[in-house]
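To start, the structure itself, in structure tokens.
The values are calculated or read from the model by the stated rules, or taken from the named source; none is laboratory data. Just so it is clear, the structure is predicted and the values come from calculations on it, not from any experiment. As a convention, Cβ positions derive from the backbone with ideal geometry for all residues, glycine included, and neighbour counts pool all protein chains shown. Surface accessibility is based on the protein's heavy atoms, side chains included, excluding ligands, DNA and RNA. Shrake-Rupley method; radii C 1.70, N 1.55, O 1.52, S 1.80 Å.
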Amino acid sequence: MKEVVNAAEAARILEKPECWVRFYSPGWEFAKVRRGRKNKVYDISTRKLCKKYDIPLEEAERRLSKNGSI
């Protein structure tokens, strides 16, 4: 299981659009948003994300391993 995920992976875990994660993640205490050279980099703690949204870690891992989009 990945300890830190980016916005696209967090969107797959939450089954939400990426734009939703990018909009709300700066307010999450377990997410860091860094300015990269070209764009923003999102570092989101997988364990804390799953705890906040009551998603079992096994389910999050299954959603991450699923190929394709939502």
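Looking only at the range 26-70, filter to residues that are at pLDDT 95 or above and among the polar types (S, T, N, Q); which one of those is surrounded by the fewest Cβ atoms within 10 Å (Cβ to Cβ)?
Checked the range 26-70; the qualifying residue surrounded by the fewest Cβ atoms within 10 Å (Cβ to Cβ) is S45.
Please work out if A11 is in contact with a strand residue (DSSP E or B) (Cβ under 7 Å, 6 or more places away or on another chain), small (G, A, S), open to solvent by less than 40 Å² (accessible area, probe 1.4 Å) and at pLDDT 95 or above. Full working, then the answer.
Details: in contact with a strand residue (DSSP E or B) (Cβ under 7 Å, 6 or more places away or on another chain): no; small (G, A, S): yes; open to solvent by less than 40 Å² (accessible area, probe 1.4 Å): yes; at pLDDT 95 or above: yes.
Taking the combined requirement at face value, the residue does not satisfy it.
Could you tell me which residue of the range 25-51 is nearest to R62 (Cα to Cα), considering only residues that are out of contact with any strand residue (DSSP E or B) (no Cβ under 9 Å at 6 or more places or on another chain) and of a type outside the set (K, R)?
Only one residue fits best here, namely C50.
Pairs only if they're at least six apart or on different chains, beta carbon under 6 angstrom, first in the range 1-23 and under 18 Å from E59 (Cα atoms), second open to solvent by 40 Å² or more (accessible area, probe 1.4 Å) and among the basic types (K, R); list them, first residue then second.
As it stands, the answer is A7/R22, since those pairs meet every condition given.
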